[in-house]
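Every read-out reported here was derived from the displayed coordinates using simple, explicitly stated rules and does not represent laboratory data. The structure displayed is predicted, hence computed values, not measured ones. Cβ atoms come from the backbone with ideal geometry, glycine included; neighbour counts cover every protein chain shown.
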Amino acid sequence: MADCIRIEVLVLPWSLNAGRVMRAVAQVAAELGLRIDLECRAVESEARARSIGFLGAPTVLVDGVDVVEEPGGVPVLGIRRYDGAFGMPPRAAVEARLRAAAAARGMPCATSARGG
């Protein structure tokens, strides 16, 4: 879908919050009025984690860019910690990365998203 922003949620095969993360990301995109192509993929091995630079679950990529970039981050097959919390990237980071992706594509975007 060329007119959609591609979002990948990378999780562990045993992740319990993949659905919650997917719903939260989809909600932010909807509030911004953006069309997205949302996919969830499991990272199943240390080798795969290293090869893709996976920094833990969940990792949310918008058009291939992590919503919370961590230069020098060490790839790990484990749970990711965001600003002292496990399991969910900050809503503001998701919104900012979606806005940047929309701007790069010349896509219109709502001026504010509810709740964040």
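So what is the relative contact order for the stretch 5-105, in percent, with contacts set as C-alpha pairs under 8 Å and at least six apart?
Value for the stretch 5-105: 33 percent.
Treating only the Cβ atoms of Lys and Arg (+1) and Asp and Glu (-1) as charged, compute the dipole magnitude of the chain about its Cα centre; round to the nearest 20 debye.
200
Which three numbers, in whole Å and largest first, are the semi-axes of the equivalent ellipsoid of the stretch 60-111 derived from its Cα gyration tensor as √(5λ)?
In descending order, the three semi-axes are 24, 13, 8 Å.
Each label point is 7 Å from the Cα along the Cα-to-Cβ direction; what then is the distance between the points at Ile79 and Ala110, in nm?
Taking the simple label geometry, Ile79 and Ala110 are separated by 3.1 nm.
Taking only DSSP H segments of four or more residues, each worth -39500 (n - 2.57), what value at 222 nm results for the chain once the sum is divided by all its residues, to the nearest 500 deg cm²/dmol?
Using -39500 (n - 2.57) per qualifying helix, the result is -9500 deg cm²/dmol.
Lys/Arg Cβ at +1, Asp/Glu Cβ at -1, dipole of the stretch 5-105 taken about the Cα centre: which of Ala101, Gly73, Ser51 is farthest positive-ward?
Ala101
Using the Cα atoms of the chain to build a convex hull, what is its mean projected area in square nanometres?
7.1
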